[in-house]
1. Net charge around Thr132, counting only other residues with Cβ within less than 11 Å of its Cβ (Lys, Arg = +1; Asp, Glu = -1)?
2. Along the Cα→Cβ direction, 7 angstrom out, place labels at Glu268 and Ser182. What is the inter-label distance in nm?
3. Using each residue's phi in segment 227-243, evaluate 6.51 cos²θ - 1.76 cosθ + 1.60 at θ = phi - 60° and report the 3J(HN,Hα) Karplus result to the nearest Hz, with x for Gly and Pro.
4. Once every DSSP H run of n ≥ 4 in the chain is given -39500 (n - 2.57) and the sum is divided by its residues, what mean residue ellipticity at 222 nm do you get, rounded to the nearest 500 deg cm²/dmol?
5. Please name whichever of Thr99, Ala258, His197 sits farthest to the positive end of the charge dipole of the chain, dipole taken about the Cα centre and charges placed at Cβ: Lys and Arg +1, Asp and Glu -1.
6. Say the dipole of segment 144-295 comes from +1 at the beta carbon of Lys and Arg and -1 at that of Asp and Glu; which of Ala229, Ala162, Phe187 then lies farthest toward its positive end?
7. Assign unit charges at the C-beta atoms only (+1 for Lys and Arg, -1 for Asp and Glu), then state the dipole size of segment 79-203 relative to its Cα centre in Debye, rounded to the nearest 20.
8. How would segment 35-143 be classified by its alpha-carbon gyration tensor: rounded, prolate or oblate, with rounded meaning a/c under 1.5 and the a/b versus b/c comparison settling the rest?
Amino acid sequence: MAKIGFIGVGHMGGPMASNLVCAGHDVKVFDLSPALVRAIADKGAIPAVDSADAVKDVDVVITMLPAGPHVRNVYLDTVLKHAGDSTLLIDCSTIDVATARDVEAEAGKQGFLMLDAPVSGGVAGAEAGTLTFMVGGEPAAFERAKPYLEVMGKTLVHCGGAGTGQAAKICNNMMLGIQMISVAEAFVLAEKLGLDHQKLFDVASTASGQCWSLTSYCPVPGPVPGSPANRGYQPGFATAMMLKDLRLSQEASQKVGAETELGRHAAELYRKFAESGKELTDFSGIIEMIRGGRK
Ligand code: NAD
């Protein structure tokens, strides 16, 4: 069993670290919130006094932090200074591609193997150990990481070199954000045309309009009983998270000169929805704004 240093044990990192503990690994945890560290320690993790302590004498470091600046600071200020040079570094946060590549390049210069390994699957997937990992970095690092990622996830895809895990994450979520708006617009139009929700679902779910936002996450109550629409749009996947990922995709598009017009428009619509007090509402709740848009 390995010694693992885990930094950032919030909504996602907490259950991911717990699963590593349950698999028998020695997991040292650190978070800026002492209460979160205590909660994981109660499940068998070793509390670290700070992030330097968390990464000393471990085989693997895993981080699950809010955004790019946190990842840059934690790695450049602490991890690269205090971890042993054979330690494998895995950042699972969702961050911008440029920061992921910069930090991985710096780690590489100092002799570390490092991966970007953002996830999809949400808190439920983190708890169940069924996350999808999209992984960027050297093949040798991916092979070393597999036994740990397999404890926390069900599907592992090695996407290519540094930053390609983050690229896969933001491209996927840009598709998702756009798709949800398209499905919501179709249901709102159907309502105005006197077409029943279930009838539109029955047709589109077996026709060419079929997509995940319709068949697994339908934004109206009824057709997909497990979707957030059936519980007042409690997340699920909060609008603030969707907005974060769409902003990352738009920053990336600007940097590399990609034409992502619908992604830009989707980001703008989710921004408006978030600013109407719906940041913590599931992103599929955007149908309510679309419905209210034109009387
Ligand atoms: P969270 O805010 O619950 O957890 C992040 C944790 O990092 C917090 O507990 C915070 O205290 C800690 N932290 C911040 N700076 C730190 C530092 N310098 N040292 C130690 N700890 C520090 O967020 P989350 O929902 O767990 O998301 C984490 C990452 O996973 C984000 O990048 C998010 O975009 C991504 N993600 C989240 C979900 C989701 O459904 N929540 C799904 C997929 C991906």
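No lab work stands behind these numbers, since they all come straight from the coordinates. Computed from a prediction, not measured in an experiment: that's the story for all the values here. Cβ atoms come from the backbone with ideal geometry, glycine included; neighbour counts cover every protein chain shown.
1. Taking every other residue near Thr132 into account, the sum is +2.
2. Placing both labels 7 Å beyond Cα along the Cβ direction yields 1.9 nm.
3. Per-residue couplings from phi come out as 7, x, 4, 7, 10, x, 6, 5, x, x, 10, 5, 4, 4, 5, 4, 5 Hz.
4. -14500 deg cm²/dmol
5. Checked the options; the winner is His197.
6. Value computed over the given set: Ala162.
7. In debye, rounded to 20, segment 79-203 gives about 80.
8. Taking the square roots of the gyration eigenvalues as a ≥ b ≥ c, segment 35-143 is oblate.
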